1. Go through the residues of the range 370-388 one by one and say whether even a single one is on the phi < 0 side of the Ramachandran plot, of a type in the set (K, R), outside any strand (DSSP E or B) and in contact with a helix residue (DSSP H, G or I) (Cβ under 6 Å, 6 or more places away or on another chain).
2. What number goes with the only condition from (1) closer than 19 Å to P335 by Cβ; (2) under 21 Å from the mean Cα position of the chain (by Cα) that L274 does not pass?
3. For the subset of the range 255-280 comprising residues that are assigned to a loop (DSSP other than H, G, I, E, B) and farther than 22 Å from L149 by Cβ, which member is nearest to ligand 1 (Cβ to nearest atom)?
4. What tally of residues in the range 320-343 results from selecting those that are within 14 Å of ligand 1 (Cβ to nearest atom) and of a type in the set (D, E, K, R)?
5. How many residues are of a type outside the set (A, V, I, L, M) and either within 16 Å of ligand 1 (Cβ to nearest atom) or more than 26 Å from S313 (Cβ to Cβ) (or both) when one looks only at the range 223-254?
6. Looking at (1) at positive phi; (2) more than 15 Å from ligand 2 (Cβ to nearest atom), find the lone condition where Y153 falls short.
7. What's the number of the condition L35 fails, among (1) within 16 Å of ligand 1 (Cβ to nearest atom); (2) touching a residue at least 24 places away in the same chain (Cβ under 8 Å); (3) of a type outside the set (D, E)?
8. Return the pairs, sorted by first residue and then second, in which the second residue is in a strand (DSSP E or B) and within 16 Å of ligand 1 (Cβ to nearest atom), the first residue lies in the range 180-203 and is under 30 Å from A227 (Cα atoms) and of a type outside the set (A, V, I, L, M), the beta carbons are less than 7 Å apart, and the residues are 6+ apart or on different chains.
Amino acid sequence: MSLLIKNGTVVTAIDEYEGDILVEGEKIAAIGKDLKVEADKVIDAKGMYVMPGGVDQHVHFSFEFNGTKVRGFETSNAAAVGGTTTVIEFVNQVKGKGLIDSIDDYRKENADGIAMVDYSFHGVITDPRPSVFDEIERLPEAGYPTVKLFMAYKGMFFHADDDVIANAMKKAKDVGVTIMVHAENADLIDLLQKECIEKGNVEPYYHAVSRPPMVEVEATERAINIAKLMDAPLYVVHVTTKGAVDAIIRAQNEGLPIYGETCTHYLLLDKSNLAKENFEGAKYVCSPALREKEDRDYLWNSIKNGWLNAVSSDHCGFDWKHQKHMGENDFRNIPNGAPGLENRFGLLWTYGVEEGKITKQQFVDLVSTTPAKNNGLGDCKGHIGVGYDADIVLYDPNQGSTISNETSLQGVDYNSFEGMEQKGKVDKVLLRGQLIVDDGKYIGEKGQGKFIKGKPFGLCYEGQNK
Ligand code: URP
Ligand code: ZN
Ligand code: ZN
């Protein structure tokens, strides 16, 4: 089956040109101006931007918090209509089980045959036995070249102490596995949370009060110091505040392979959302907490200047009704996390490109190209080039919409960005050559997504000795 996409404006992380794209089977076979080829099907992309499908390197389809679970891969068509064709999911190791077995089993049960976009995985060490560290050297072969450790969440089974991070880095660096951290000081959060509760400050807003920027900055600096000590690369997920970005910049200026991402909600929302009445503030309980306007501005500068290299959704679809039920008398019991997979692409385009904060090339780089490279997918995902997977978005810049949960496919009972305007529309999406979104509607099939093995020595290792 061949497909010709004609007359579009192709935008990649490095350029922009008028051109045609020939897709043969699952791959991009040729690119050129006025390609004179026969194809089984032709799509006229006149007036559209033709971009690589988004790669969302930070999603949670399996996260559990105090017994409540998020929506899973059965809602991954939300990614597709939002312009994202690859998601990378964090899988918590099951206590008593190996890391690889935990991901393999999760994958077979919850993703294979269900996912509607392509998918890959990060492991999360929760049971740091010596045999688990030994497993790290086998992660690349299994196709899972990234591991996350939670410095936050004291008392939760997935919390990791500093020695666990150090030991993981020691094993990971020789085999090109990238260690990622959720950087927040768990002890200080615990202390500040208890102080809030003792004073009767139980509402969602106190989630932010008990997680001030300082707890993130301290943990980020500590993680960087551990990486220095272990002579290993590090990736810091969901960076939200100036101090943490500055720590990453300082490390980079020292020549250290330390990188980080931020997320859509940290660029667009702030602490005031947590103060919404009628318990609506609970919808914005995510960790790290939402910050101030100044932090938002600094984050926009950080993605513009390359201090942070990706924008993820940290999609985590807990229902508000559960957040309400569980956390009404104590904000600590509100499941942490917010949905956002469907809107990442459109929001970054609208408030980034359309408002002149980032260029179109930077947009593609942040939503697609660099996340693919970070996770060892850079040879097949995240770029419009011959030989790459034909994961392609046709974006119509002349249309627009207002975000409404009523039309969302995320399957959650609220949308964090409800009522916000989006400029442009994800009109068509191809997943490895198959049309899965047409005129903004999902037309693919359950199970059409495929597991893509990540390769070791992702972007964090570039310039490092292999
Ligand atoms: O609040 C958040 N971010 N929930 C998802 C889990 C995590 O910490 O990434
Ligand atoms: Zn996290
Ligand atoms: Zn997360």
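1. Taking the range 370-388 first, the residues on the phi < 0 side of the Ramachandran plot are 370-375, 377-381, 383-386, 388.
Narrowing the set further to residues that are of a type in the set (K, R) leaves 373, 381.
Keeping just the survivors that are outside any strand (DSSP E or B) gives 373, 381.
Filter again for in contact with a helix residue (DSSP H, G or I) (Cβ under 6 Å, 6 or more places away or on another chain), leaving 373, 381.
Checking the range 370-388: at least one residue is on the phi < 0 side of the Ramachandran plot, of a type in the set (K, R), outside any strand (DSSP E or B) and in contact with a helix residue (DSSP H, G or I) (Cβ under 6 Å, 6 or more places away or on another chain).
2. So L274 meets the others, but not (2).
3. Step one: of the range 255-280, the residues assigned to a loop (DSSP other than H, G, I, E, B) are 255-257, 269-270, 276-279.
Those still in the list that are farther than 22 Å from L149 by Cβ too: 255, 269-270, 276-279.
Values: G255: 29, L269: 13, D270: 16, K276: 17, E277: 22, N278: 21, F279: 17 Å.
Of everything passing the filter in the range 255-280, L269 is nearest to ligand 1 (Cβ to nearest atom).
4. Counting residues in the range 320-343 that are within 14 Å of ligand 1 (Cβ to nearest atom) and of a type in the set (D, E, K, R) gives 1.
5. Summing the residues that are of a type outside the set (A, V, I, L, M) and either within 16 Å of ligand 1 (Cβ to nearest atom) or more than 26 Å from S313 (Cβ to Cβ) (or both) in the range 223-254 gives 10.
6. Only one criterion in (1) at positive phi; (2) more than 15 Å from ligand 2 (Cβ to nearest atom) is unmet by Y153, namely (2).
7. Unmet for L35, out of (1) within 16 Å of ligand 1 (Cβ to nearest atom); (2) touching a residue at least 24 places away in the same chain (Cβ under 8 Å); (3) of a type outside the set (D, E): (1).
8. Qualifying pairs under 7 Å: H182/K148; H182/F150.
Values quoted throughout were computed directly from the atomic coordinates according to the rules given, and no laboratory measurement underlies them. Just so it is clear, the structure is predicted and the values come from calculations on it, not from any experiment. All Cβ positions, glycine included, derive from the backbone under ideal geometry; neighbour counts span all protein chains shown.
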